[in-house]
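One structure is given here, and the rest of the page talks about it.
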Amino acid sequence: MNMDALNSLRVAVVSVYGNEITQRSTYNDIVSNNSTVIYTLPEYFKMQNDEILDMHWSFLLDIDNQLVLNDYVVDTTTKYEKIDEVIKLINEIGESSVTGFDPVILNVSNDGNVLEYINKLYDDSVECVNKIDGHTFSCSYEELPDDVIDDIIEKLKKYQLNL
């Protein structure tokens, strides 16, 4: 293990309340935010284990190269780009128009029966239906698996072509 690389790692902790920081924020946005506190890795783990930290975003930073490494560990950029594409397509088509397309399947039983599907798309969430009891519920695009977002994009593009 390269100890120099390890020495350049820090964890930036930012309260989830009262600021504009999100998991998509840039390195400069994070380090310049007034509520950001930067810890070494051992400091952060101690604070976390001692339950001293309130609800927060945490970002793994490479301070030498000024990078947010969260995106390298979990590829959130791709998912957010896809979500942006879904929202753009919905806004182009019109939110009220995207209620009649083929449902997007969310959950399937072991024997292949559909258990849950997306019934309606909105620019900030989806309405889902439990096929067994008919219960509807909302969830955000961030909560959806990548393959479901891919399916939504594909169906929206096909729907848009048929307008």
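The values are calculated or read from the model by the stated rules, or taken from the named source; none is laboratory data. These numbers were taken from a predicted model, which means no experiment stands behind them. Using ideal geometry, Cβ is built from the backbone for each residue, glycine included, and neighbour counts are taken over all protein chains shown.
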Are there any pairs with C-beta distances below 7 angstrom linking a residue in the range 110-124 that is touching a residue at least 12 places away in the same chain (Cβ under 8 Å) to a residue that is among the small types (Gly, Ala, Ser), with the two at least 6 apart or on different chains, and if so which?
115/109
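Looking only at helices (runs of 4 or more DSSP H) that lie completely in the range 1-108, which have at least 3 residues being of a type outside the set (Lys, Arg) and at pLDDT 80 or above? I'd like the intermediate steps shown before the answer.
Values: elements: 3-7, 27-32, 41-49, 70-73, 76-93.
Passing ranges, in order: 27-32, 41-49, 76-93.
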Single match in 132, 87, 118, 105 (criterion: under 21 Å from the mean Cα position of the chain (by Cα), of a type in the set (A, V, I, L, M) and more than 24 Å from residue 24 (Cβ to Cβ))
105
For the range 117-133, what are the residues that are within 19 Å of residue 153 (Cβ to Cβ) and either touching a strand residue (DSSP E or B) at 6+ places or on another chain (Cβ under 7 Å) or hydrophobic (A, V, I, L, M, F, W, C) (or both)?
117, 118, 119, 120, 121, 125, 126, 127, 128
Does residue 61 qualify as being more than 30 Å from residue 151 (Cα to Cα) and outside the structural domain of residue 120 (by TED's automatic domain parsing)?
yes
Single match in 163, 156 (criterion: surrounded by fewer than 11 Cβ atoms within 10 Å (Cβ to Cβ) and touching a residue at least 40 places away in the same chain (Cβ under 8 Å))
163
